[in-house]
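Data block below; observations after.
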Amino acid sequence: MNQSAKFWDKIAKRYSKRPVADEASYQEKLRVTHTYFRPDAEVLEFGCGTGSTAINHSPYVRHIHAIDISSKMIEIAQEKADEGKVSNVTFEQSTIEGVSVPDQSLDAVLGLSILHLLENKEGAIAKVHRMLKPGGVFVTSTTCLGDSMKFFKLIAPVGKLFGLMPLLKVFTTGELSASLTDAGFEIDHQWQPGKSNAVFIVAKKAE
Ligand SMILES: C[S@@+](CC[C@H](N)C(=O)[O-])C[C@H]1O[C@@H](n2cnc3c(N)ncnc32)[C@H](O)[C@@H]1O
């Protein structure tokens, strides 16, 4: 098992009990995302955590394939789906790097609080672009530590070394936007509830 899976497995139970930090912003992100869905939409969520967001979105689409590197997160997500009798979300332990999805097969991909945790976000963004149908959307909410906390660049490797923190990559909102547009996306919607909050972006693949 790799170090990242170990870290997230260890905190999965606590993570599932943690209340959403900013409920109003979370609800607004759900609302905006729903406006991009259609009842026949095929969706992938990577880094789905304990599944609440996928379950929330499930009535608005045909199917969601929700993946996470942590088997413990997936176990909790599956329990929630079973309890709620949600049948159109398939939870699977998998990574964005390893998951196999045919090109141009998806209407939407969600990557929420995850891009800053990846070794290679450009690789993930390019893969998302390939998997989306023309006109499909990539919905992200990403902490851009480079905007306000550049010092994390120094601390993060030490925290990771001692297993206290996950891998954390430091980049700015501008750099994230550039990564998306370089991969061929157009930014269709961008919103940041506050200066130090995650930036919410809906990026569209050209028709
Ligand atoms: C900060 S949590 C976010 C969970 C959820 N998306 C949310 O917004 O609450 C990051 C999640 O990404 C998962 N993760 C980390 N690296 C991953 C990867 N390479 N592929 C898939 N999931 C990953 C972790 O296990 C964890 O559940």
* To do: Quick one: count up the residues across region 44-72 that are part of a loop (DSSP other than H, G, I, E, B), surrounded by fewer than 23 Cβ atoms within 10 Å (Cβ to Cβ) and more than 7 Å from the ligand (Cβ to nearest atom).
  => 2
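So, of the residues in region 90-118 that are over 26 Å from L180 (Cβ atoms) and touching a helix residue (DSSP H, G or I) at 6+ places or on another chain (Cβ under 8 Å), which turns out to be nearest to the ligand (Cβ to nearest atom)? Lay out the reasoning, then the answer.
Taking region 90-118 first, the residues over 26 Å from L180 (Cβ atoms) are 90-91, 93.
This time we only want the ones that are touching a helix residue (DSSP H, G or I) at 6+ places or on another chain (Cβ under 8 Å), so: 91, 93.
On the way: F91: 12, Q93: 9 Å.
Restricting to residues being over 26 Å from L180 (Cβ atoms) and touching a helix residue (DSSP H, G or I) at 6+ places or on another chain (Cβ under 8 Å), the top hit is Q93.
Counting just the residues of region 171-195 that are small (G, A, S) and under 21 Å from L30 (Cα atoms), which one comes out nearest to the chain's Cα centre (by Cα)?
Filtering region 171-195 down to residues small (G, A, S) leaves 174, 177-179, 183-184, 194.
Those left that are additionally under 21 Å from L30 (Cα atoms): 177, 194.
Values: S177: 16, G194: 19 Å.
Looking at the filtered set, the residue picked out is S177.
Please tell me if G163 is at pLDDT 80 or above, farther than 22 Å from D22 by Cα and exposed (fewer than 15 other Cβ atoms within 10 Å of the Cβ).
Numbers: at pLDDT 80 or above: no; farther than 22 Å from D22 by Cα: yes; exposed (fewer than 15 other Cβ atoms within 10 Å of the Cβ): yes.
Here the answer is no, as G163 does not meet what is asked.
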* Asked: What is the number of the single condition among (1) modelled with pLDDT of 95 or more; (2) part of a helix (DSSP H, G or I) that F138 does not meet?
  -> (2)
* To do: Starting from region 86-102, keep only residues that are touching a residue at least 40 places away in the same chain (Cβ under 8 Å) and of a type in the set (D, E), then list their pairs with residues that are loosely packed, with under 14 Cβ neighbours inside 10 Å and not in a loop (DSSP other than H, G, I, E, B) whose Cβ atoms are within a distance under 7 Å, requiring at least 6 positions of separation or different chains.
  => none
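From the list S87, S25, pick out the single residue that is more than 9 Å from the ligand (Cβ to nearest atom), in a loop (DSSP other than H, G, I, E, B) and of a type in the set (G, A, S).
Values: S25 fails: in a loop (DSSP other than H, G, I, E, B).
From the options S87, S25, the qualifying one is S87.
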* Asked: Within region 33-43, how many residues turn out to be under 17 Å from the mean Cα position of the chain (by Cα) and in a loop (DSSP other than H, G, I, E, B)?
  -> 1
* Pairs, first within 12 Å of E97 (Cβ to Cβ) in region 111-129, second within 8 Å of the ligand (Cβ to nearest atom) and assigned to a helix (DSSP H, G or I), C-beta under 6 Å, six or more apart -> L118/A124
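The values are calculated or read from the model by the stated rules, or taken from the named source; none is laboratory data. The model shown is predicted, which means the values in this text are computed figures rather than measured ones. All Cβ positions, glycine included, derive from the backbone under ideal geometry; neighbour counts span all protein chains shown.
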